[in-house]
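Asker: Sharing a structure with you now.
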There are 2 protein chains.
Amino acid sequence: MKLLTDSADVVALTREICDIESVSGNERALADAVESWTRATPHLTVFRDGDALIAQTNVGRERRVVIAGHLDTVPVNNNLPVRLSEDGTELWGRGTVDMKGGVAVMVRLLRDLTEPVHDITWVFYDHEEVAADLNGLGRLARVRPELLTADFAILGEPTNAIIEGGCNGTMRVRITTAGVRAHSARAWMGINAIHGAADVLNRLNAYEPETVTVDGLDYREGINAVAIHGGIAGNVIPDECAVDINFRFAPSRSQADALAYLERMFDGYELEVTDSAAGARPGADSPLAQDFIASVGGTIAPKYGWTDVARFTALGIPAVNYGPGDPSLAHADNEHVPLSHLHACEHGLRSWLTGL
Amino acid sequence: MKLLTDSADVVALTREICDIESVSGNERALADAVESWTRATPHLTVFRDGDALIAQTNVGRERRVVIAGHLDTVPVNNNLPVRLSEDGTELWGRGTVDMKGGVAVMVRLLRDLTEPVHDITWVFYDHEEVAADLNGLGRLARVRPELLTADFAILGEPTNAIIEGGCNGTMRVRITTAGVRAHSARAWMGINAIHGAADVLNRLNAYEPETVTVDGLDYREGINAVAIHGGIAGNVIPDECAVDINFRFAPSRSQADALAYLERMFDGYELEVTDSAAGARPGADSPLAQDFIASVGGTIAPKYGWTDVARFTALGIPAVNYGPGDPSLAHADNEHVPLSHLHACEHGLRSWLTGL
């Protein structure tokens, strides 16, 4: 088993954690390493479920805060092992932004914070980068909901080391155009389903994204084809073409509203919903959130991407995102995190949770 | 090894030959059965190359005719074994039209025609339904060209049991649209290559097929997308989308002309040619062709689809198509051949080649 280096600082830990490859479904080695790390920490009570881990302090504080992060990444694309930029200010490689920098901050702090001002539930989980029904945090909420009980949650997703509130919802639908199969030498006997998909793509090109203000924060929406597949053989007019469409919608829309929006946009087509997750309102008005915001600088920005803060919102726990890295680099092959973000997040959480 | 039934008529042979499944690449069992049949026929000299067979009469005639057919089919789709229609007039199932009915006519006749009025070279070959560079007839033309020498060729592809001359050419090109990858939660950071493909599909929808008259026969053209593929993951703006396009062009256009036509139509895109085969002019003015046309009724129609008559044309051998089945049903899951076509083609070839 790979072990994390005891003496490592947050930068060295980020490198080590990134270099334990953990593309969704392959989190075990990293979960083992983090489990070993937490079990060597006497003030924590540790639970494991699959490749998810929960480690709790129990120092009898009045309030409890969850600090959570996912262990998995999108597929590696020649961007591991991690490398330090030439000027020594950034770590480059898969996971540095989404979100092993945040995981490293958690790993770094969980040993030091033996007597935090609020009790802490550290949560590490699997399968965040794939379909919502596989999500490890969702699984924990179903099988061990009592372990997630808290007054406030902080998710270490990348936010440029500032606090971001709420998140957009996400929905995926499939539109399948139909045709009539024929030999391509006699195309007039058939109806080409790929040609039929032009209308779907034209509607996507005509779409103008909206920006929606929710609780004072501006949420930018987007509707995009994320996949298209059609074709049977090189000499056959295809009778089917499937377009997968992803809608990122402001947290003021329910999932039903989002679907109705897509149904209007694609009037005349049947929409098959293949994935859906609600957004979350900013949640900045809870006492612990206000306290945390004040502690790290007083501002909160909107989160565009869907994150698991929505799962905490659904559990009735106010939640925000706060983590190292530029979220616009998440999933990009050139993702890289400034070392200053890693230090800022470590410092911000440490200051708030020690009251110093 | 499966054997064909000695006493079987052309209808029974069609059923037996169709029921020996031979999707491209899996022709061996059928080639074995036909080889066994031809080797039991003393007046024929038999050659085998891979899963292709050549069987020649050598009765010293002044002229020689090739009669050829491919053994392979497109993939089976719940349409085997062959069944007889309820009214008893048609055989339904994969290969009945393209072109095991024609193969059955050849198999039926090659034993009977011991002293034909022209020497005959019977050719059965593999890999016709896949990329042109795999074609078994093309391979024979490269490795044993002397065995294909002839004054005239008849290909048993489906023509509704009439003579069809020449064939359209076929070319496949791939257009790949480019974009910039990004997380779909921040789509404005990327450029969606699938949305970019709308322009390619719109040009296909705007295309108006031409009908081109060549040597008095009308050839109908067509340009179609036969495949489209794009998409990386459900939350990624894709940076690539590939559209495969098939052009069926009149035999008056060279392959270079056809490519130039596509380049004008898709001006601004790079075209990657993935498959290409020239068409063939009707070839009805050779003495044997005129003799054959007169013998079976006096008319010749244009062939829309690409067939291997183009390979004979390229070898300097005039060639026509003549076989049972409606060519518009080729590759359709409901392909079916009237028994009357099987009898008509058997009779037409037998009459001409026996001079009776």
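Asker: Would you check which residues across the range A:267-286 are closer than 12 Å to residue A:317 by Cα and surrounded by fewer than 17 Cβ atoms within 10 Å (Cβ to Cβ) and list them?
Answerer: Of everything in the range A:267-286, those that are closer than 12 Å to residue A:317 by Cα and surrounded by fewer than 17 Cβ atoms within 10 Å (Cβ to Cβ) turn out to be A:285, A:286.
Asker: Given (1) within 30 Å of residue B:330 (Cβ to Cβ); (2) without any contact (Cβ under 8 Å) to a residue 24 or more places away in the chain, where does residue A:178 come up short, assuming only one miss?
Answerer: Only one criterion is unmet by residue A:178, namely (2).
Asker: Only residues in the range A:85-112 that are more than 16 Å from residue A:53 (Cα to Cα) count as the first member; pair them with residues that are of a type in the set (Phe, Trp, Tyr), Cβ under 8 angstrom, at least 6 apart or cross-chain, and list the lot.
Answerer: Sorted first by the residue in the range A:85-112, then by its partner, the pairs are A:85/A:92.
Asker: Assess whether residue B:114 counts as being assigned to a loop (DSSP other than H, G, I, E, B), under 30 Å from residue B:352 (Cα atoms) and under 22 Å from the mean Cα position of the chain (by Cα). Quick ask: steps written out before the conclusion?
Answerer: Values: assigned to a loop (DSSP other than H, G, I, E, B): yes; under 30 Å from residue B:352 (Cα atoms): yes; under 22 Å from the mean Cα position of the chain (by Cα): no.
Spelling it out, it is not the case that residue B:114 is assigned to a loop (DSSP other than H, G, I, E, B), under 30 Å from residue B:352 (Cα atoms) and under 22 Å from the mean Cα position of the chain (by Cα).
Asker: Additional query: With the requirement that a residue be touching a Ser or Thr at 6+ places or on another chain (Cβ under 8 Å), of a type outside the set (A, V, I, L, M) and within 21 Å of residue A:231 (Cβ to Cβ), what does the range B:235-260 give you?
Answerer: Scanning the range B:235-260 gives B:240, B:241, B:244, B:246, B:247, B:248, B:249.
Asker: Checking residue B:33 against (1) open to solvent by 30 Å² or more (accessible area, probe 1.4 Å); (2) in a helix (DSSP H, G or I), which test does it fail?
Answerer: (1)
A quick yes/no check of all residues on (1) more than 14 Å from chain A (Cβ to nearest Cβ); (2) open to solvent by 40 Å² or more (accessible area, probe 1.4 Å):
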residue	(1), (2)
B:29	yes, yes
B:41	yes, no
B:55	yes, no
B:66	yes, no
B:75	no, yes
B:79	no, no
B:89	yes, yes
B:94	no, no
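Asker: Tell me the residue from A:267, A:285 that is away from chain B (no Cβ under 11 Å) and under 29 Å from residue A:156 (Cα atoms), please. Outline the logic, then answer.
Answerer: On the way: A:267 fails: under 29 Å from residue A:156 (Cα atoms).
Residue meeting the stated conditions: A:285.
Asker: When you scan the range B:175-182, do you find a residue that is within 12 Å of chain A (Cβ to nearest Cβ), among the small types (Gly, Ala, Ser) and either in contact with a Lys or Arg (Cβ under 6 Å, 6 or more places away or on another chain) or more than 30 Å from residue B:210 (Cβ to Cβ) (or both), even just one?
Answerer: Yes - at least one qualifying residue is present in the range B:175-182.
Asker: Please specify each residue of the range B:231-253 satisfying the condition of being at the interface with chain A (Cβ under 7 Å from one of its Cβ atoms) and within 17 Å of residue B:270 (Cα to Cα).
Answerer: Let us first name the residues in the range B:231-253 that are at the interface with chain A (Cβ under 7 Å from one of its Cβ atoms), namely B:231, B:233-238, B:241, B:244, B:246, B:248.
Those that are at the interface with chain A (Cβ under 7 Å from one of its Cβ atoms) and within 17 Å of residue B:270 (Cα to Cα): B:241, B:244, B:246.
Asker: Next up: Is it true that residue A:289 is among the hydrophobic types (A, V, I, L, M, F, W, C) and either open to solvent by 30 Å² or more (accessible area, probe 1.4 Å) or closer than 30 Å to residue A:175 by Cβ (or both)?
Answerer: Numbers: among the hydrophobic types (A, V, I, L, M, F, W, C): yes; either open to solvent by 30 Å² or more (accessible area, probe 1.4 Å) or closer than 30 Å to residue A:175 by Cβ (or both): no.
So residue A:289 fails the test.
Asker: Okay, moving on. Tell me whether the range B:59-76 contains one or more residues that are over 23 Å from residue B:151 (Cα atoms) and not in a loop (DSSP other than H, G, I, E, B).
Answerer: Looking only at the range B:59-76, we keep the residues that are over 23 Å from residue B:151 (Cα atoms), and these are B:71-76.
When the remaining residues are screened for being not in a loop (DSSP other than H, G, I, E, B), the result is B:73.
Scanning the range B:59-76 turns up at least one residue that is over 23 Å from residue B:151 (Cα atoms) and not in a loop (DSSP other than H, G, I, E, B).
Asker: In the range A:206-222, which residues are open to solvent by less than 70 Å² (accessible area, probe 1.4 Å), within 11 Å of another protein chain (Cβ to nearest Cβ) and farther than 20 Å from residue B:199 by Cβ?
Answerer: A:219, A:221, A:222
Asker: Please state which one of A:166, A:156 is open to solvent by less than 20 Å² (accessible area, probe 1.4 Å), at pLDDT below 95 and either farther than 22 Å from residue B:190 by Cα or at the interface with another protein chain (Cβ under 7 Å from one of its Cβ atoms) (or both). Let's see the steps before the verdict.
Answerer: On the way: A:156 fails: at pLDDT below 95.
None of the other options fit; the residue is A:166.
Asker: Continuing with the same structure: Of the conditions (1) farther than 30 Å from residue A:127 by Cβ; (2) in contact with a Cys (Cβ under 9 Å, 6 or more places away or on another chain); (3) more than 7 Å from chain A (Cβ to nearest Cβ); (4) among the small types (Gly, Ala, Ser), residue B:225 fails just one. Which one is it?
Answerer: (3)
Asker: When residues of the range B:239-266 are filtered for being open to solvent by less than 40 Å² (accessible area, probe 1.4 Å) and out of contact with any strand residue (DSSP E or B) (no Cβ under 9 Å at 6 or more places or on another chain), how many remain?
Answerer: Total satisfying the criteria: 1.
Asker: Just one of (1) out of contact with any strand residue (DSSP E or B) (no Cβ under 8 Å at 6 or more places or on another chain); (2) open to solvent by 10 Å² or more (accessible area, probe 1.4 Å) trips up residue A:128, so point out which.
Answerer: That leaves (1) as the condition not met.
Asker: So how many residues does the range B:76-100 have that are among the small types (Gly, Ala, Ser) and within 13 Å of the chain's Cα centre (by Cα)? Before the answer, list the steps.
Answerer: As a first pass, look at the range B:76-100 and keep what is among the small types (Gly, Ala, Ser): B:85, B:88, B:93, B:95.
Narrowing the set further to residues that are within 13 Å of the chain's Cα centre (by Cα) leaves B:95.
So the count comes out to 1.
Asker: Could you grab me the full set of residues in the range B:119-129 that are within 14 Å of another protein chain (Cβ to nearest Cβ), over 16 Å from residue B:50 (Cα atoms) and of a type outside the set (D, E, K, R)?
Answerer: In the first step, residues of the range B:119-129 are kept if they are within 14 Å of another protein chain (Cβ to nearest Cβ); the result is B:127-129.
Then keep just the ones that are over 16 Å from residue B:50 (Cα atoms); that gives B:129.
Matches in the range B:119-129: none.
Asker: While we're looking at this one, here's another question. Residue check: is residue A:321 open to solvent by 20 Å² or more (accessible area, probe 1.4 Å) and either out of contact with any Asp or Glu (no Cβ under 6 Å at 6 or more places or on another chain) or under 20 Å from residue A:166 (Cβ atoms) (or both)?
Answerer: Details: open to solvent by 20 Å² or more (accessible area, probe 1.4 Å): no; either out of contact with any Asp or Glu (no Cβ under 6 Å at 6 or more places or on another chain) or under 20 Å from residue A:166 (Cβ atoms) (or both): yes.
No; evaluated as a whole, the condition is false for this residue.
Asker: Another question, if that's okay. Among (1) in a strand (DSSP E or B); (2) within 7 Å of chain B (Cβ to nearest Cβ); (3) crowded, with 22+ Cβ neighbours inside 10 Å, which single condition is residue A:201 missing?
Answerer: (1)
Asker: I would also like to ask the following. Can you tell me which of (1) within 14 Å of chain A (Cβ to nearest Cβ); (2) under 25 Å from residue B:313 (Cβ atoms); (3) surrounded by fewer than 16 Cβ atoms within 10 Å (Cβ to Cβ) is the one residue B:62 doesn't meet?
Answerer: With respect to (1) within 14 Å of chain A (Cβ to nearest Cβ); (2) under 25 Å from residue B:313 (Cβ atoms); (3) surrounded by fewer than 16 Cβ atoms within 10 Å (Cβ to Cβ), residue B:62 is out only on (1).
Asker: Given the criteria more than 30 Å from residue A:220 (Cα to Cα), among the basic types (Lys, Arg) and either within 13 Å of another protein chain (Cβ to nearest Cβ) or part of a loop (DSSP other than H, G, I, E, B) (or both), does residue B:172 qualify?
Answerer: Details: more than 30 Å from residue A:220 (Cα to Cα): yes; among the basic types (Lys, Arg): yes; either within 13 Å of another protein chain (Cβ to nearest Cβ) or part of a loop (DSSP other than H, G, I, E, B) (or both): yes.
Judged against the criteria, residue B:172 is a match.
Asker: Additional query: Hey, can you tell me all the residues within the range B:333-356 that are crowded, with 19+ Cβ neighbours inside 10 Å and free of Cβ contacts under 8 Å to residues at least 60 places away in the same chain?
Answerer: Result: no residue meets the conditions.
The values are calculated or read from the model by the stated rules, or taken from the named source; none is laboratory data. A quick note: this is a predicted structure, and the numbers were derived from the prediction, not measured. Counting neighbours? That spans all protein chains shown, and the Cβs are built from the backbone with ideal geometry, glycine included. Only protein heavy atoms, including side chains, enter the accessible area calculation; ligands, DNA and RNA are left aside. Shrake-Rupley method; radii C 1.70, N 1.55, O 1.52, S 1.80 Å.
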